[in-house]
Amino acid sequence: RDREKDFFVARNFEELIFRLNNRLLILPEIDFVCVCLRQRYLEGILGRVGWEAVAAELDAPLRVGYLQLLEESLFRSHLAPVRRTLYRKTPSGGAGDIYFALHGDQVRSLAIVPLMLRGEGIGSLNIGSVWSRHFYDAAPDREILDRLGAKLAIAVDNLMYRCVLAVQKKRLERDVGAAAILQRSLIAPPRPEISGFEGMTGFYPCQRLGGDFIDIFPVGSQRVGAVIADAAGHGISAALMVAMLKFSLQMDGMARLPATEAVARINARVTRILRRQDYLTLCYVLLDSRRGRIELVRAGHPYPLLSVSGTSEVRELKPAGPPVGLESEALY
């Protein structure tokens, strides 16, 4: 019982199997230990992640020593009919390599403990001895082995799900990294070379992906357009919304429209696509160098500030308008 206490506290399969071996192999009646996982169980739990993905991305945790694949045909022929521990003394030829791939020809007596979980077999724990006189069918042995099999099944299942989650996390992090690079390319605007204007931008997301957006673009030869926006929420969904805004600005000659009409069209398009709880706030500005004129639309965004040259005056520009994506017929 003392040896059972720390069998199942492990960070990965390698640690679990070697911890199990270190505790069992010190017993004089046990010379070999092998854990087999059922092929059908593995295929079901790994799902779309796949065996090869787990092996490749997590240092092959399913291929460490003493952890073998239990083929479906072997499970059905040996364990499925009885669903209980099998005890066997083998002939002089040994146990073969069905249950002890590395030591089958040395095994003279063995016990095969089915690993059952939620009424289904997920594999087996196999222990063996080089002595034919060892037999694991005594009442205390059966009790310990049954308890060991039940705990081991839970530990294996937990570790398997942890492996799947780790692979999914790695893939998600890789995808998010690629998306972050793409987002930066979308919101890193070229500075328009138009006399009388100088533009500077900064983008510092609190996460790798963010819902903020900046764009500066020439409109003809004398005007500059500028947009600053913020999508509700954070992460991937917010980044997708600002990407959609970027492409909406580039469609249908949008930049050549009056600012109020441009924002109204963007709002109508975005409202049809977004869910009800999603929206964007933005400020859209057209700067006319020839006439010295600013055309500004504010859609739920914080007020822009205008610093008046040659004075200490700073004005809050407060045109009103609802956020984009809430009312399809909103006026600005």
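The table below lists the values:
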read-out	value
Residues of region 315-327 satisfying the condition of being in a loop (DSSP other than H, G, I, E, B) and not small (Gly, Ala, Ser)	Leu317, Lys318, Pro319, Pro322, Pro323, Leu326, Glu327
Neighbours by Cβ (under 6 Å, 6+ apart or cross-chain): first from region 311-330, in contact (Cβ under 8 Å) with a residue 12 or more places away in the chain; second of a type in the set (A, V, I, L, M, F, W, C) and assigned to a loop (DSSP other than H, G, I, E, B)	Pro322/Ala330; Gly325/Leu274
Pick from region 122-146, criterion in contact with a helix residue (DSSP H, G or I) (Cβ under 9 Å, 6 or more places away or on another chain) and hydroxyl-bearing (Ser, Thr, Tyr), ranking: surrounded by the fewest Cβ atoms within 10 Å (Cβ to Cβ)	Tyr136
Criterion (over 30 Å from Ser221 (Cβ atoms) and modelled with pLDDT of 80 or more) met by exactly one of Ala150, Ala166	Ala150
Of the criteria (1) at pLDDT below 70; (2) assigned to a helix (DSSP H, G or I), which one Gly177 fails	(1)
Residues (of a type in the set (Asp, Glu) and surrounded by fewer than 17 Cβ atoms within 10 Å (Cβ to Cβ)) located in region 274-294	Asp288
Pairs where the first residue, in region 81-107, is within 15 Å of Val35 (Cβ to Cβ) and among the polar types (S, T, N, Q) and the second is at pLDDT 70 or above and open to solvent by 30 Å² or more (accessible area, probe 1.4 Å), C-beta under 7 Å, 6+ apart	Thr85/Arg142; Thr85/Asp146
Residue within region 237-256 that is surrounded by 18 or more Cβ atoms within 10 Å (Cβ to Cβ) and among the β-branched types (Val, Ile, Thr) present	yes
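The values are calculated or read from the model by the stated rules, or taken from the named source; none is laboratory data. Remember, it's a predicted structure, so these values are computed and weren't measured experimentally. So basically every Cβ, Gly included, is an ideal-geometry build from the backbone, and we count neighbours across all protein chains shown. Just so you know, the surface numbers come from the protein's heavy atoms only, side chains and all, with ligands and any DNA or RNA stripped out. Shrake-Rupley method; radii C 1.70, N 1.55, O 1.52, S 1.80 Å.
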